[in-house]
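Since every read-out is calculated from the coordinates, none of them should be taken as a lab result. It should be emphasised that the depicted structure is a prediction, and the values quoted were computed from it without experimental measurement. Positions of Cβ are generated from backbone atoms using ideal geometry, with glycine treated the same way; all protein chains shown enter the neighbour counts.
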Amino acid sequence: MTAAGQGGPLSTSFERRQLEIAPVEAKLPIPIGWSAVLFSDELLPRQVVPIHAFGVDLVAYRSASGEVAVLDAYCPHMGAHLGHGGVVSGELLVCPFHGWRWNREGRCGGIPYSKQGRSDVRTGAWPARDRNGFIYVWHDPSGAPPSWEVEAIPEIGDPRYRITARKLWSDIHSHPQELNENGVDIAHFTTIHGFTTRGIDWRPDRHTYTLAYDIDPLETGVEGESRYWIESFTEGPSCTRTRFHGAIEGVTIHSWLVTDPGHVAVRSLYAFARAVSDEAARRVFENSQAGWSRDVEIWHHKRYRSRPQLVPEEAIVHDFRRWFSQFYAPPTRNGSHAG
Ligand code: FES
Ligand SMILES: [Fe+2]
């Protein structure tokens, strides 16, 4: 930590430069919003799964009736990890250590050996949704309830579509803002992805934005299924989807999660119309993931620049960052972020 980092003056340009390129976790807090912590079928009825998200240990379980819950991992009684040996009994999660039961709201649902019956003690319960093939969890360091819902994507569950692929990037050294910013970073499309946009139409609206690219139709390389185009929709800091139109009808859904400060896991799911051949679906998936690989290589090694040296054609990056800042908790009085 430099003197500057402790609130002292910046004495040298070297010191200023070091601060400017600090690791992303030192510059950007974990944003408020929904993140996918699992694929839906990684949590079957009566299944209990330990998860690590937002820098803390959590436990996810699905009740006998199919409802999903996410609780703090460590039992308030004597600290057992509910995700290691905990079992589901009906709608409740039973701690492996002494059998205390917890419901989806984090209330004690019974103590098997006590005349007291139950405790008023509560454990942390995290808002969770099973939607679009993912389990999403809401993160807000203030504990406030969700201020929006994850959009339900109609293709998922529609019999005219099928999920053809999914992908997990388990540990990218980056941050949701950096991943999200990629969509408005026009110049990198040419250098990293090999196509050039004549322009982009970025339309922010509260916690969402739509993004359309002025590009020539894309090619799958499969005869009769080649020309398609894309438009994307983002909601919150960590959820985005891209729709495919033309010869390829389908949708890809991506969500990223801060597992620990400076570390991101990305889950992606690809769903295409049944009319799209397996070969075309496979090529689109492979092309898409090849693009992700090239982005990941950059994100994983880069440093976040809070004052990037942009040219006028890139002014949208400033607009994007202003939009993204809505997902940061207001600074507390001592200047740090809550949580
Ligand atoms: S530690 Fe969970 S019941 Fe005792
Ligand atoms: Fe990219």
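Just to verify a result, which residue in region 280-302, among those that are loosely packed, with under 13 Cβ neighbours inside 10 Å and out of contact with any His (no Cβ under 8 Å at 6 or more places or on another chain), is farthest from Asp185 (Cα to Cα)?
Here is the first cut: in region 280-302, the ones loosely packed, with under 13 Cβ neighbours inside 10 Å are 286, 290, 293, 297, 301.
Restricting the remaining residues to those that are out of contact with any His (no Cβ under 8 Å at 6 or more places or on another chain) gives 286, 290, 293, 297.
Working: Glu286: 22, Ala290: 18, Ser293: 17, Glu297: 16 Å.
The qualifying residue farthest from Asp185 (Cα to Cα) is Glu286.
Under 8 Å between Cβ atoms, which residue pairs at least 6 apart in sequence (or on different chains) link something in region 182-197 that is farther than 15 Å from Asn287 by Cα with a partner that is within 7 Å of ligand 2 (Cβ to nearest atom) and among the polar types (S, T, N, Q)?
His188/Asn182
Collect the residues in region 49-61 that are touching a residue at least 60 places away in the same chain (Cβ under 8 Å) and under 12 Å from Arg104 (Cβ atoms), keeping them in residue-number order.
Ala60
Within region 144-161, identify whether any single residue is among the aliphatic types (A, V, I, L, M), away from ligand 1 (no atom under 16 Å from the Cβ) and in contact with a helix residue (DSSP H, G or I) (Cβ under 8 Å, 6 or more places away or on another chain), and answer yes or no. I'd like the intermediate steps shown before the answer.
So in region 144-161, the residues among the aliphatic types (A, V, I, L, M) come out as 144, 150, 152-153, 156.
Now narrow it down to the ones that are away from ligand 1 (no atom under 16 Å from the Cβ): 144, 150, 152-153, 156.
Filter again for in contact with a helix residue (DSSP H, G or I) (Cβ under 8 Å, 6 or more places away or on another chain), leaving none.
No, region 144-161 contains no residue that is among the aliphatic types (A, V, I, L, M), away from ligand 1 (no atom under 16 Å from the Cβ) and in contact with a helix residue (DSSP H, G or I) (Cβ under 8 Å, 6 or more places away or on another chain).
Kindly provide the set of residues from region 70-107 that are away from ligand 1 (no atom under 16 Å from the Cβ) and closer than 20 Å to Arg129 by Cβ, ordered by number.
Within region 70-107, Val70, Glu91, Arg104, Glu105 qualify.
Based on this model, can you work out whether Ala275 counts as more than 16 Å from ligand 2 (Cβ to nearest atom) and crowded, with 16+ Cβ neighbours inside 10 Å?
When the stated conditions are applied, Ala275 does not pass them.
For a quick check of your reading of the model, give me the residue pairs whose first member lies in region 79-108 and is closer than 15 Å to Arg62 by Cα, whose second is near ligand 1 (Cβ under 9 Å from one of its atoms) and charged (D, E, K, R), with beta-carbon atoms closer than 8 Å and at least 6 apart or on different chains.
From residues that are closer than 15 Å to Arg62 by Cα, the pairs are Ser89/Arg101; Leu92/Arg101; Leu93/Arg101; Val94/Arg101; Cys95/Arg101.
Provide a single number: the residues in region 141-162 that are touching a strand residue (DSSP E or B) at 6+ places or on another chain (Cβ under 8 Å), touching a residue at least 60 places away in the same chain (Cβ under 8 Å) and in a loop (DSSP other than H, G, I, E, B).
Of the residues in that region, 9 qualify.
Quick check on Asp171: is it buried (at least 20 other Cβ atoms within 10 Å of the Cβ) and among the charged types (D, E, K, R)?
Spelling it out, it is not the case that Asp171 is buried (at least 20 other Cβ atoms within 10 Å of the Cβ) and among the charged types (D, E, K, R).
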